[in-house]
Amino acid sequence: MIIILSGGKSTRMGREKPVLKIAGREMLLWVYGAAFRVDDVLVALSKNTPKTKELCIKERIPFVETPGKGYVEDVQWLLDEFGPFISSSADIPFVKPSDFYAVKKAFNGKTSLTGVLPLQKVPKDLKPLVYRGYAIVGLNAVGFEGEGFFELDNPLLALNVNTPEDLKLAERIAKMVGRWTQEK
């Protein structure tokens, strides 16, 4: 199962991120479209994301409401409720089905995997979160025991849309790559 985490407060953006549009399409729908091609998908909402809930209802996307206490707490709640799963944040619009498939294939159902990109694969204009020499991306596997890194290849996973500037960059990239993300 893939769970798209869509319940955050979006404090840096100042607006609910999953419903913001890139190339005329809500960011959540970009991520959902890629995930849906690989496995069953559930969107995790909270009290912080009422417009995202409306979008899920309108588009008939299955969802669950988490307690909304914070990222770690909500991921733990989801793990307790559903068992091991693949997680994606709703703000990585250029995730591809092949990215989901790679994590799914590598996940043994027990050991958590943090999706990372080698820094040499990160486009120079992007400023991702860096940890231990890797760019951390919003695509992971959540299990009960242990943890490790999983290297991905898609350089656009380094774009996590957190600020209005990130949104503008995503819009420019979407115009350049067209439907690339939905075709791969």
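The values are calculated or read from the model by the stated rules, or taken from the named source; none is laboratory data. In this text, all values refer to a predicted model and were calculated from it rather than measured experimentally. When we count neighbours, we look across all protein chains shown, and the Cβ atoms used for this are built from the backbone with ideal geometry, even at glycine. Only protein heavy atoms, including side chains, enter the accessible area calculation; ligands, DNA and RNA are left aside. Shrake-Rupley method; radii C 1.70, N 1.55, O 1.52, S 1.80 Å.
Remark: the Asp125-Val177 segment gains 17.1 nm on full extension, using 0.36 nm per residue and subtracting the alpha carbon distance. State the antiparallel share, in %, of DSSP beta bridges confined to the chain, rounding to the nearest 5. Around 45 percent antiparallel, to the nearest 5. Over segment 115-184, accessible surface divided per residue gives 58 Å², non-protein components excluded, 1.4 Å probe. Partners of Lys121 within straight-line reach, counting lysines whose Cα lies under 23 Å from its Cα and excluding those fewer than 8 residues away in the same chain: Lys96, Lys104, Lys105, Lys168, Lys175, Lys184.
For segment 1-86, pairs of C-alpha atoms spaced more than 21 angstrom apart make up 25 percent of the total. Taking square-rooted eigenvalues a ≥ b ≥ c of the alpha carbon gyration tensor, is segment 114-178 rounded, prolate or oblate, where a/c under 1.5 means rounded and, failing that, a/b exceeding b/c means prolate? Prolate. Here the accessible area is traced with a 1.4 Å probe on the protein chains. For segment 57-178, carbon and sulfur cover 54 percent of it. For segment 109-156, applying the loop criterion from DSSP together with a ceiling of 14 other beta carbons within 10 Å to the trypsin sites (Lys or Arg not before Pro) yields Lys110, Lys124, Arg132. As a length-normalised measure over Cα pairs under 8 Å and 6 or more apart, the relative contact order of the chain settles at 25 percent. Within segment 103-184, the chymotrypsin sites (Phe, Trp or Tyr not before Pro) that combine a DSSP coil assignment with at most 13 other C-beta atoms in a 10 angstrom radius are Phe144.
Between Glu59 and Thr163, the modelled label-to-label distance comes to 2.6 nm, taking each label 7 Å out from Cα in the direction of the beta carbon. Taking a quarter of the surface of the Cα convex hull of the chain, what do you get in nm²? Average of the hull's projected areas for the chain equals 9.5 nm².
Highest GNM mean-square fluctuation, the chain, Cα pairs closer than 10 Å: which of Leu152, Leu129, Leu139? Sorting by GNM fluctuation, first place goes to Leu129. Among the GluC sites (Glu not before Pro) found in segment 80-184, those both in a DSSP coil and sparsely packed, with 13 or fewer other Cβ atoms within 10 Å of their Cβ, are Glu145.
Can you tell me the FRET efficiency between Tyr101 and Arg15 if r is taken as the Cβ-Cβ distance and R0 is 35 Å, rounded to the nearest 0.05? According to the calculation, E is roughly 0.65. By the rule of a C-alpha distance below 17 Å, with chain neighbours fewer than 8 residues away ignored, the lysines paired with Lys47 are Lys9, Lys17, Lys69.
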